[in-house]
Amino acid sequence: MTFSLVGPPVQSAPQFRKTVVDTLFRSEGVGYGDVNKDGSNDILVGDFWYQAPDWKAHEIRKPRKPNRGGYTEAFAVYPDDFNRDGWVDVMVIPFHGKPAKWYENPKGAEGHWKERIAFKGTGNETRLYTDLFEDGQKVFLMGVEEHIAWVGVPDAKSVNEEWKVNNVSDRFPNSIFPRGWPAHKFAHGLGAADVNGDGRKDILTYGGWWEQPENGRKHDGIWTFHKSDIIKGGVADMYTLDADGDGLRDILCTSAHGTGIFWCRQVKANKFETTTMHKGLIHETHSANMVDLNGDGRLDLVTGRRFFAHGFRPEKAGDPSQLYWFDIQLKKGSPPELVPTLIDDQSGVGAQFVTEDFNGDKKTDILISNRKGVFLFTQK
């Protein structure tokens with residue numbers, strides 16, 4: 001990621017049109033794609049896909065009982081053409097510790113989509129589908145059976161079999177991370193970003209980072225781990241940026257179940273000091289995306305409340321669940337200034353959400369699913 005240390009150009013703040021796709025709790029993750037090949041993007045939440053433009057719901061699999069209590073079996077949802085047949089399939093990461101499953105698009109046929117297990121033992125509540133090696137081929141990155149691991153999509157001949165898991169870490173001795181953290185199924189905090197400035201994406205967690213080898217995807221074996229007390233556990237998505245212009249890449253992250261945004265300044269190689277910003281503004285920021293939201297060429301931070309991340313109280317159903325974007329303003333020699341703008345107070349975020357150009361107008365839109373429902377925010 002490259003950041004400019006100059007002020008933003010004068011322009012109007014982005015405005016959004018909110019669409020309520022569903023009022024029920026369907027999932028904590030969401031994705032999109034042209035499921036029926038009619039030229040319009042549809043919305044997928046694990047149990048259902050919603051057909052554009054009227055958002056009619058179609059079952060992908062047998063749905064869970066629709067209520068706001070309990071937990072979903074869709075904590076992250078990643079549509080893609082996994083079997084390379086030209087139709088959008090979907091990967092669904094379920095409740096923590098359970099197998100990751102992908103569902104094959106039936107190409108317009110009626111009935112539930114064919115389910116296959118991709119890999120077992122999913123861990124860390126921050127799950128990523130990202131271009132880790134910057135070669136145009138996304139991989140899944142998360143805990144897998146007590147290891148931090150990446151999983152690539154097999155070729156079309158092998159995609160129906162269990163997918164190869166590439167371990168980045170060994171199992172952790174308790175002296176470093178008790179109970180397998182940060183690969184444990186209930187661990188928090190993960191990122192794929194360059195920490196040491198060598199131009200390759202490393203893998204971050206709260207207690208250190210794994211250095212991507214020079215040969216990247218071709219490397220067969222464990223990555224070098226750099227232990228560092230970056231921040232206490234309980235964070236969400238983690239990103240790097242040289243916020244103060246000193247040539248060292250700092251880390252920006254949020255609190256999954258607490259409050260505040262954390263700037264972890266790298267004061268010297270592999271040593272970090274943490275500053276908490278916006279403490280009390282929003283709670284339960286269980287996921288965060290960095291994206292150029294306002295089109296000024298600089299990355300912004302989008303996050304919000306994961307409404308009732310643990311359990312649900314019906315009498316609190318109308319409580320606020322904020323969705324914010326933060327203009328990250330950088331000045332050499334100073335901490336970053338994160339200027340907040342409230343987008344909405346009755347949606348928030350899930351455990352995974354989307355900030356991309358949904359409708360093809362070259363503006364970044366926001367797609368969310370959580371206990372409040374399923375929401376699409378398109379820029380006006």
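The table that follows gives values for the structure above.
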quantity	calculated
Peptide ranges 149-156, 278-285, 369-376, 246-253 listed from the most packed, as the mean C-beta count within 10 angstrom indicates	369-376, 246-253, 278-285, 149-156
About the Cα centre, charge dipole magnitude for region 117-157 (Lys/Arg +1, Asp/Glu -1 at Cβ), debye	180
Accessible-area value, T126, 1.4 Å probe, nucleic acids and ligands omitted, Å²	10
Entries of K18/K363; K62/K164; K201/K227; K18/K331; K120/K232; K101/K201 with Cα pairs more than 22 Å apart	K62/K164; K18/K331; K120/K232; K101/K201
Angstrom value of the Kirkwood radius, inverse mean 1/r, which spans all Cα pairs in region 253-366	15.2
More than 28 angstrom apart: percent of Cα pairs within the chain	43
Carbon plus sulfur fraction of accessible area for the chain, probe 1.4 Å, in percent	48
Neighbour cut-off at most 10 other Cβ (10 Å), DSSP loop, GluC sites (Glu not before Pro), region 66-119	E110
Dipole in debye (nearest 20) - the chain, about Cα centre, beta carbon charges: Lys, Arg +1; Asp, Glu -1	1000
Heavy atoms of D242: accessible area, 1.4 Å probe, square angstrom to 10	40
Solvent accessible area, Å² - K114, 1.4 Å probe, full protein context	120
Rounded, prolate or oblate (a/c below 1.5 giving rounded, otherwise prolate when a/b exceeds b/c) for region 58-131 by Cα gyration tensor	oblate
Rh by Kirkwood over Cα pairs, then Stokes-Einstein D for region 1-154 at 0.692 mPa s and 37 °C, µm²/s	191
Solvent-accessible ranking of H188, H112, H257, largest area first, probe 1.4 Å	H112, H257, H188
Dipole-positive endmost among G348, G221, V165 within the chain (Cβ charges, Cα centre)	G348
Residue pairs, from the table K279/K372; K316/K380; K138/K218, whose Cα atoms sit over 20 Å apart	K279/K372; K316/K380
Accessible-area ranking of D89, D54, largest first, probe 1.4 Å	D54, D89
Residue-normalised accessible area of the chain, given per residue in Å² at a 1.4 Å probe	42
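The values are calculated or read from the model by the stated rules, or taken from the named source; none is laboratory data. Keep in mind the model is a prediction, meaning the values are calculated, not measured. Cβ atoms come from the backbone with ideal geometry, glycine included; neighbour counts cover every protein chain shown. Accessible surface areas use protein heavy atoms only, side chains included; no ligands, DNA or RNA. Shrake-Rupley method; radii C 1.70, N 1.55, O 1.52, S 1.80 Å.
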